[in-house]
Amino acid sequence: MEHVTILQADEHFLPKFAIIGYSQDQGYYTQGHYFSYHNIVGEKLTAGMPLTKDTARNVFSCLEGDLIKFRFKGMLPKNLIHFDFKGSLQLVWYVHPKQHTMYFDTNTGIVSGKYPLPKLLFKLEGNTLRVFALLRKDSLNESTPIYNAPLLNVDGHGKVCMGSASMEYDGFEYYEDIMGFVEQQFFRSVFTATHHNRIAKGNIVAIMKSHLDKPFFDDGLLIANKLTIKDLYEN
């Protein structure tokens, strides 16, 4: 996600200014900060002056294209819960409960086919995907409890092992397309193995076999994992 500019000798980049940050401990709970702006004349810094908001805005406007890579097509998607871009993209959204065509490795003992899944909660951070489940009847707010996803390839913390499936989305322009791409990559991947022993209430192979071609997943089989929706975007 991070791009480093490599300066070539023939590009003739010359230093023109510098920003220096200072900090001072003022007490146990507080810390003072100060930034100064310096022009560079020849190879020397000139005397510093306080960094103003206007100057900072002009300096960092050149980074806007890198900092703001994606945008929404219009109104925010109704299933979007949270988005942020602090160093790396972060998206949290839910997927309505419905049937999905799922593919299983033959060693799992589960045949590939159409399976109902509960309401799923996706968290994309950088190129790391975490997936959880939600109760169909629960309204969504910060304190809504979340559950372990009743799926293979997901560990006890919700992190998904995508195998060889690509999670590279830098070529997209819109957040909605990233969300769709991630869902597609997840559901079209091959589910191969269990990564923890609290996937659901019962044997996951037997559970999946009993749900083949059924219209709805039995939410009574979900196991709470002590997290809430708020925990996903505050951690």
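The values are calculated or read from the model by the stated rules, or taken from the named source; none is laboratory data. Note that this is a predicted model, so its numbers are computed, not measured. Every residue, glycine among them, receives a Cβ derived from its backbone with ideal geometry; neighbour counts consider all protein chains shown.
Selection of segment 107-129 for residues being assigned to a loop (DSSP other than H, G, I, E, B), of a type outside the set (A, V, I, L, M, F, W, C) and under 15 Å from residue 205 (Cα atoms) yields 109, 112. Could you please find all residues in segment 181-191 being part of a helix (DSSP H, G or I) and buried (at least 20 other Cβ atoms within 10 Å of the Cβ)? Across segment 181-191, the qualifying residues are 182, 186. With respect to the conditions (1) free of Cβ contacts under 8 Å to residues at least 60 places away in the same chain; (2) in a strand (DSSP E or B), residue 102 lacks only one, and its number is (1).
Only one entry of 153, 197, 148, 225 meets the criterion of being surrounded by 14 or more Cβ atoms within 10 Å (Cβ to Cβ) and out of contact with any Lys or Arg (no Cβ under 9 Å at 6 or more places or on another chain), and that entry is 153. Would you confirm, using the coordinates I've provided, whether residue 175 is touching a helix residue (DSSP H, G or I) at 6+ places or on another chain (Cβ under 9 Å), on the phi < 0 side of the Ramachandran plot and hydroxyl-bearing (Ser, Thr, Tyr)? Criteria not met by residue 175.
With respect to (1) modelled with pLDDT under 90; (2) closer than 30 Å to residue 212 by Cα; (3) not acidic (Asp, Glu), the lone exception for residue 9 is condition (2). When the test is whether a residue is surrounded by 14 or more Cβ atoms within 10 Å (Cβ to Cβ), of a type outside the set (Phe, Trp, Tyr), touching a helix residue (DSSP H, G or I) at 6+ places or on another chain (Cβ under 8 Å) and not in a helix (DSSP H, G or I), residue 136 does not pass it. On the stretch given as segment 77-92, residues that are closer than 15 Å to residue 173 by Cα and without any contact (Cβ under 8 Å) to a residue 60 or more places away in the chain total 1.
Screening 140, 152 for residues that are over 20 Å from residue 115 (Cβ atoms) and touching a residue at least 24 places away in the same chain (Cβ under 8 Å) leaves exactly one candidate, 140.
For segment 165-180, filtered to residues that are surrounded by fewer than 17 Cβ atoms within 10 Å (Cβ to Cβ) and among the hydrophobic types (A, V, I, L, M, F, W, C), the residue that is farthest from residue 133 (Cα to Cα) is 172. Looking only at residues of segment 59-96 that are in a helix (DSSP H, G or I) and in contact with a Phe, Trp or Tyr (Cβ under 9 Å, 6 or more places away or on another chain), we find that the one that is modelled with the lowest pLDDT is 67.
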